[in-house]
Amino acid sequence: MRYGIISDIHGNLEALNVVLGELSTARIDEYLCLGDIVGYGANPAECIERVRWTKPKIVIAGNHEWGVIQRLDLDYFNEWARAAILWTRDALSKPEIDYLMSFNIIASEGDAILVHGSLETPTNFNYIVNEGDAFLTASIADEAVTFVGHTHCPEIYSIDLNGAKRLSKNSYTLEKDKRYVINVGSVGQPRDGDHRAAYAIYDSENRTVEIKRVSYDIETAKRKILAAHLPEYLALRLSKGI
Ligand code: ZN
């Protein structure tokens, strides 16, 4: 099975369209989405529509969905995220809100488990930022591979009984006797200093994973954020990839 895995789209329709265009030519069998379709960007409804159009096998909830549907207190969020969540609530219809409410917080698919943040308490949306965090999540998982988002920084960690190791390449063949924690990066607001949209392709038969990057029309995405009177910083950070 070849999976196209996307996460942290954040209402950025320009980025999402380019990513889905690439995936449409990549012989994908199933689409998986790791949450945060909405929040920060100016096109949350359009991004929901585009994600639904892929007929994703699984969409799990991110903290921004939970903020919008009021399952997560606004105190959890910084000021920019809070402003964006309040704006997003107003921008969505009742059926769109109902769709966000339908997402589970974790899900299994084959030899993989999907969670937005980390596995120790998924409803706390903790970040996996180092080897120790990755080791903890891999030791909780029943599955060999854990796919995450949330930090907006693509990473691949391999884990064995000696600990976790951050791998430096973007594509790997997964070894049988190891576990993996794979952050697929962010479609709509990358924060690793590379402004290009990120996504992943996972081939469960060949056991290969590739993290891909693709340029998109950042200026249009920025212009829409400013026109929507969302915080200016949310537009500026897109060009910097922070
Ligand atoms: Zn996010």
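Considering (1) open to solvent by less than 50 Å² (accessible area, probe 1.4 Å); (2) within 16 Å of the ligand (Cβ to nearest atom); (3) more than 15 Å from G185 (Cα to Cα), the lone condition that D8 does not fulfil carries the number (3).
For the range 144-192, the set of residues classified as more than 12 Å from the chain's Cα centre (by Cα), open to solvent by less than 20 Å² (accessible area, probe 1.4 Å) and of a type in the set (A, V, I, L, M) consists of V145, I156, I159, L174, V181, listed by residue number.
Of the numbered criteria (1) away from the ligand (no atom under 16 Å from the Cβ); (2) in contact with a Pro (Cβ under 6 Å, 6 or more places away or on another chain), the one A198 fails is (1). If you go through the range 32-63 and keep only what is within 10 Å of the ligand (Cβ to nearest atom) and at negative phi, you end up with L34, I37, V38, G62, N63. Here the range 64-81 is the region considered, the condition is being more than 14 Å from the ligand (Cβ to nearest atom) and part of a helix (DSSP H, G or I), and the residue that is farthest from H229 (Cα to Cα) is D75.
Need a quick list: strands (runs of 3 or more DSSP E) entirely within the range 149-242 having at least 1 residues that are polar (S, T, N, Q). Give the derivation first.
Details: elements: 155-160, 163-167, 171-173, 179-183, 197-203, 208-214.
Counting at least 1 such residues, we get 155-160, 171-173, 179-183, 208-214.
Could you run through the range 193-242 and say how many residues are touching a Gly at 6+ places or on another chain (Cβ under 8 Å) and open to solvent by 70 Å² or more (accessible area, probe 1.4 Å)? Selection size over the range 193-242: 4.
Count of the range 61-75 residues, restricted to those that are open to solvent by less than 80 Å² (accessible area, probe 1.4 Å) and either without any contact (Cβ under 8 Å) to a residue 24 or more places away in the chain or of a type outside the set (A, V, I, L, M) (or both), is 7. One residue stands out among those in the range 82-115 that are polar (S, T, N, Q) and part of a loop (DSSP other than H, G, I, E, B): the one that is nearest to the ligand (Cβ to nearest atom), which is S102.
Scanning the range 13-60 for residues that are open to solvent by less than 10 Å² (accessible area, probe 1.4 Å) and not in a helix (DSSP H, G or I) yields L32, C33, L34, G35, D36, I37, V38, G39, G41, I60.
Mind checking whether some residue in the range 122-135 is open to solvent by 70 Å² or more (accessible area, probe 1.4 Å), in contact with a strand residue (DSSP E or B) (Cβ under 8 Å, 6 or more places away or on another chain) and touching a residue at least 12 places away in the same chain (Cβ under 8 Å)? The answer is yes, given that some residue of the range 122-135 is open to solvent by 70 Å² or more (accessible area, probe 1.4 Å), in contact with a strand residue (DSSP E or B) (Cβ under 8 Å, 6 or more places away or on another chain) and touching a residue at least 12 places away in the same chain (Cβ under 8 Å).
Considering only residues that are of a type outside the set (S, T, Y) and under 30 Å from V209 (Cα atoms), which ones fall in the range 60-100?
Step one: filter the range 60-100 for residues of a type outside the set (S, T, Y), giving 60-75, 77-87, 89-92, 94-98, 100.
Once the filter is applied, which keeps residues that are of a type outside the set (S, T, Y) and under 30 Å from V209 (Cα atoms), the range 60-100 yields I60, A61, G62, N63, H64, E65, W66, L100.
The single condition from (1) open to solvent by less than 20 Å² (accessible area, probe 1.4 Å); (2) outside any loop (DSSP other than H, G, I, E, B); (3) not hydrophobic (A, V, I, L, M, F, W, C) that S118 fails is (2).
The values are calculated or read from the model by the stated rules, or taken from the named source; none is laboratory data. Predicted model only: the values in this text are computed from it and were never measured. Positions of Cβ are generated from backbone atoms using ideal geometry, with glycine treated the same way; all protein chains shown enter the neighbour counts. Areas reflect the complete protein model, heavy atoms only, side chains present, ligands, DNA and RNA absent. Shrake-Rupley method; radii C 1.70, N 1.55, O 1.52, S 1.80 Å.
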